[in-house]
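The values are calculated or read from the model by the stated rules, or taken from the named source; none is laboratory data. What you see is a predicted model; the values in this text were computed from it and never measured. Note: accessible area is taken over every heavy atom of the protein model, side chains too, but ligands, DNA and RNA are not part of it. Shrake-Rupley method; radii C 1.70, N 1.55, O 1.52, S 1.80 Å.
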Amino acid sequence: MQRERWYAPIRCSVCTSSIWFRPIVLKEAVGAPEPRHEWVLCTPCNEALLAEMRRSSLQSPVRMRVAMGLVAAERSPAAYERNPELRSQHDLQRELTWFIRLLILFTLLHLVIFILLLVPK
């Protein structure tokens, strides 16, 4: 029996962060040389791509590919070597942030339940 996954977030093609809401899918123009690429971007990477394309004076079908390469060179985690200690510290900080958000959400949920139970009808 095959179990279905609930929902797997999509990863950004550039920064590899999870995209939970509104992924932006970009395809290269028809005139671009084969193979034509397709990217899924998060909002910050898309804004960086748009800024790079506005800055570019290139007016050919490969304009998006060149701009995407420049954005990926800046924003990709694989573009530069990080100190492993700093990377683990960043990962720990991100996990702690999620834990705190969930703790606050849990507290607010219980607060709403208590208020609903204690309010006289």
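The amide H of His37, built 1.01 Å from its N in the peptide plane, has Glu28 as neighbours under 5 Å, considering only residues 5 or more places off or on other chains. Remark on Ser17: its backbone amide H falls under 5 Å from those of Cys12, a criterion applied only to residues 5 or more positions apart or on other chains, H modelled at 1.01 Å from N. Take Arg36: with every protein chain present and a 1.4 Å probe, its accessible area is about 110 Å². Taking all protein chains as shown and a probe of 1.4 angstrom, Val112 keeps an accessible surface of around 80 Å². At the residue level, Phe106 shows approximately 120 square angstrom of accessible surface with a 1.4 angstrom probe and all protein chains present.
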